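J.: Structure incoming, see below.
The values are calculated or read from the model by the stated rules, or taken from the named source; none is laboratory data. These figures come from a predicted structure and were not determined experimentally. As a convention, Cβ positions derive from the backbone with ideal geometry for all residues, glycine included, and neighbour counts pool all protein chains shown. Surface accessibility is based on the protein's heavy atoms, side chains included, excluding ligands, DNA and RNA. Shrake-Rupley method; radii C 1.70, N 1.55, O 1.52, S 1.80 Å.
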Amino acid sequence: MTDPLRSWHRLAGTCVLLDGFHALKHAVRFGAEVPVAVTADRQAALALADELAPDVRDRLDALLTEVAEETYRSLVPRPHPTAVAALAVRPSRRDNLRALERVPRRAPVVVLDQPRNLGNAGAVVRLAAGFGATGVVTTGTLDPWHPTVVRGGAGLHFATVVERLTAEELPRGPLFALDPEGEDIRGVKLPDDAVLAFGSERSGLSAQLRSRTDHLLALPMRPQVSSYNLATSVAMTLYHWSATGGAPAA
């Protein structure tokens, strides 16, 4: 039997950290390759699987190795309440780029233009997976596969495409950018092949992305309210898309 700790230390520099039971559950459910998974309480982890994820319970049973509490804590930067952690192989960038460029698309691509907050980025990935979006693309310096982003996304990076690109490399499709000066989104039907762009939490859309935008859209907002949270803006926009005809058939 392979020593899980030896495997962990060998793979930690190249694999994606799955932090917590839910991240592991989602990664396994959506086909991630998970070479090593540990828990400080195997019985509790499998009880969670029985309750919340019976569809992947047997696979988790085969994956999880129990380790001492102090060993588990030494492997993760911030211990998760479920005391579960795993390493997964990151999807191929080449395959992700192919998926983003494939047309016609059945669902939009979400673009986060130079985001700053790791937790917000993770929440957006979770939303995109839930709505069946084609993918989430970030521009700028934030790594969308940072462990904090994966934790915020609950492992749902494996349920959609997640990549970092430049503004010039964005997928084909009509580019709709959210901006307070735009047209009220309630009067617009978003096409399935839309590229939906959202500016950073502090400075909004970059000049590079704004210059490429085909349509500016505004979310309804009460006067004197400054802005919505980034993930909230994405949720409202994806809901509008789904409510006007676009929705995944699952």
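J.: How large is ³J(HN,Hα) for each residue in region 214-225, as worked out from phi by the Karplus curve 6.51 cos²θ - 1.76 cosθ + 1.60 (θ = phi - 60°), to whole Hz, x for Gly and Pro?
T.: 8, 9, 9, 10, 10, 7, x, 8, 4, x, 6, 8
J.: Next question. Counting only protein heavy atoms and a 1.4 Å probe, tell me what percentage of region 50-189's accessible area is made up of carbon and sulfur.
T.: 49 percent
J.: If you don't mind, there's one more thing I want to ask. Taking a spot 7 Å from the Cα of ALA12 along the direction of its beta carbon, which residues of region 27-58 have an amide N less than 20 Å from it?
T.: Within reach of a label on ALA12, which here means backbone N under 20 Å from a point 7 Å along Cα→Cβ, region 27-58 contributes 34-41.
J.: For labels at ARG186 and GLN43 in the simple 7 Å Cα→Cβ model, what's the distance in nm?
T.: Computed distance between label sites ARG186 and GLN43 equals 5.6 nm.
J.: Which of the peptides 80-91, 172-183 is most tightly packed, and how do the rest follow, going by the mean number of other Cβ atoms within 10 Å of each residue?
T.: Packing proxy ranking, top to bottom: 80-91, 172-183.
J.: In Å and whole numbers, how far do the C-alpha atoms of region 1-109 stretch along each principal axis, longest first?
T.: 49, 32, 28
J.: For ARG164, list long-range residues whose amide hydrogen, built 1.01 Å from N in the peptide plane, is under 5 Å from its own amide hydrogen.
T.: Long-range HN contacts for ARG164: THR138.
J.: Report the label-to-label distance for ARG106 and THR166 in nanometres (one decimal), using points 7 Å from each Cα along the Cα→Cβ vector.
T.: Output for this residue pair reads 3.3 nm.
J.: Residue by residue through region 26-35, what is 3J(HN,Hα) from phi via Karplus (6.51 cos²θ - 1.76 cosθ + 1.60, θ = phi - 60°)? Round to whole Hz and write x for glycine and proline.
T.: Values per residue, Gly and Pro as x: 5, 4, 5, 4, 9, x, 5, 8, 10, x Hz.
J.: Can I ask one more? Can you tell me how much longer the chain between VAL89 and TYR228 gets when fully stretched, taken as 0.36 nm per residue apart minus their C-alpha distance, in nm with one decimal?
T.: Computed gain between VAL89 and TYR228 is 46.6 nm.
J.: Per DSSP H run of n ≥ 4, the term is -39500 (n - 2.57); total these for the chain, divide by its residue number, and report the mean residue ellipticity at 222 nm rounded to 500 deg cm²/dmol.
T.: -10000 deg cm²/dmol
J.: When the chain is fully extended, how far beyond the present Cα-Cα distance does TYR239 get from HIS146, taking 0.36 nm per residue of separation?
T.: In short, 30.8 nm is gained.
J.: Give me the 1.4 Å probe accessible area per residue for the chain, excluding ligands and nucleic acids, in Å².
T.: Ligands and nucleic acids excluded, the result is 49 Å² per residue.
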